[in-house]
Amino acid sequence: MGTENQGNMEWQISFRKIITMKINSQYKHSQELHEFIKSLPKNFEREGEILYDERNVIKSFMVRTHEKYTEKVVVKRYKCPNIIQQIIYSFFRKSKAERAFTYGIQLQEASINTPTPIAYFEEWKNGLFKFGYYLSGYDNAPAIRKELIEKEEFNQTMAEDFAIFVANLHNKDILHHDLNSTNVLYHPEANGHYSFSVIDINRMTFKKSKLTLSECLDNLTRFTGRMDLFEYVLKKYIQYRGLPLQKTLQEGIAIKIKHDRDWYRRKNFFKKFKSFIK
């Protein structure tokens with residue numbers, strides 16, 4: 001299913017306000033879904049079940065998406081950008097909602113599991129982008145964080161399966177730039193192993209050329225701050241990809257140490273900056 005099959009729609013609500021959306025071709029004949037999406041600016045705040053409510057808001061809704069059945073739909077409303085970001089999203093860059101939808105289609109085309117991308121929807125006012133909404137299917141699988149990060153003795157089978165999963169992403173020249181332990185969900189399989197799906201997908205790279213080893217190893221550092229877990233996953237990753245063990249292990253650990261040091265420096269800087277301006 002290519003992105004060229006997705007239908008664009010736009011409504012001029014008034015001279016000053018426009019809403020636009022694109023719907024996955026699987027759902028294009030659902031009038032109920034169309035009406036649900038068009039009503040989001042009015043109904044999002046007062047309806048739906050809250051799944052997450054911080055910078056962005058994520059809710060679930062029961063929506064008749066096909067003639068014969070209703071399904072749970074997840075709607076992520078991204079935080080309203082500041083005026084500079086509104087200008088950027090209006091004229092220079094695709095919104096997070098549009099990117100999430102497009103990347104969701106591309107992930108599925110690459111046989112990478114992610115909740116089904118259903119649609120994205122944008123509110124514009126006075127010629128500027130205001131709010132973006134991303135609609136997807138519902139995946140209630142747990143995140144890998146509990147099994148890999150929070151347990152003192154991490155789940156080694158899951159860690160090895162996760163290493164293979166990331167290696168497959170990289171072999172397909174795909175980078176998930178938010179590859180942290182809350183954005184990867186796990187699904188137990190009958191054979192005792194695990195499959196995975198990814199969420200929070202508005203920051204992805206689908207590279208047309210081969211990923212460099214440094215790009216891959218830097219991407220792998222992001223799922224944990226635990227060095228014991230990272231080394232275990234790194235070794236399995238190296239073995240699966242057939243890379244030279246000692247050389248790649250040394251390079252991966254060096255990249256990890258630098259990544260974590262820079263991350264802590266940035267965190268401490270912003271912490272001090274916030275306390276200074278209070």
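Things worth noting here:
- Extreme residue, farthest from LYS38 (Cα to Cα), among residues of the stretch 117-131 that are open to solvent by 40 Å² or more (accessible area, probe 1.4 Å) and free of Cβ contacts under 8 Å to residues at least 60 places away in the same chain: GLY127
- Pairs where the first residue, in the stretch 54-66, is closer than 12 Å to TYR78 by Cα and in contact (Cβ under 8 Å) with a residue 12 or more places away in the chain and the second is of a type outside the set (Asp, Glu) and surrounded by fewer than 14 Cβ atoms within 10 Å (Cβ to Cβ), C-beta under 7 Å, 6+ apart: ARG55/LYS79; ASN56/LYS79; ILE58/TYR52; LYS59/ILE50
- Among (1) open to solvent by less than 30 Å² (accessible area, probe 1.4 Å); (2) more than 18 Å from MET204 (Cβ to Cβ) - the single one PRO142 does not satisfy: (1)
- Restricting the stretch 31-59 to residues that are outside any helix (DSSP H, G or I) and of a type in the set (D, E, K, R), the residue that is nearest to SER136 (Cα to Cα): LYS59
- Filter pass, GLU147 being surrounded by 13 or more Cβ atoms within 10 Å (Cβ to Cβ), among the acidic types (Asp, Glu) and under 22 Å from LYS42 (Cα atoms): no
- All positions within the stretch 121-138 that are at pLDDT 95 or above and in contact with a Leu (Cβ under 7 Å, 6 or more places away or on another chain): TYR133
- Only listed residue being among the β-branched types (Val, Ile, Thr), at pLDDT 95 or above and part of a loop (DSSP other than H, G, I, E, B), chosen from ILE112, ILE149: ILE112
- Subset of the stretch 60-94 (residues that are in contact with a strand residue (DSSP E or B) (Cβ under 9 Å, 6 or more places away or on another chain), outside any strand (DSSP E or B), open to solvent by 50 Å² or more (accessible area, probe 1.4 Å) and of a type in the set (Val, Ile, Thr)): ILE83, ILE87, ILE88
- Total residues in the stretch 2-29 satisfying the condition of being modelled with pLDDT under 90 and either open to solvent by less than 90 Å² (accessible area, probe 1.4 Å) or hydroxyl-bearing (Ser, Thr, Tyr) (or both): the figure is 13.
- ILE105 vs. criteria out of contact with any Gly (no Cβ under 6 Å at 6 or more places or on another chain), assigned to a helix (DSSP H, G or I) and open to solvent by 50 Å² or more (accessible area, probe 1.4 Å): no
The values are calculated or read from the model by the stated rules, or taken from the named source; none is laboratory data. All figures in this text were calculated on a predicted structure; none of them were measured in a lab. Every residue, glycine among them, receives a Cβ derived from its backbone with ideal geometry; neighbour counts consider all protein chains shown. Each accessible area value is taken on the protein alone, full model and side chains, heavy atoms only, with ligands, DNA and RNA left out. Shrake-Rupley method; radii C 1.70, N 1.55, O 1.52, S 1.80 Å.
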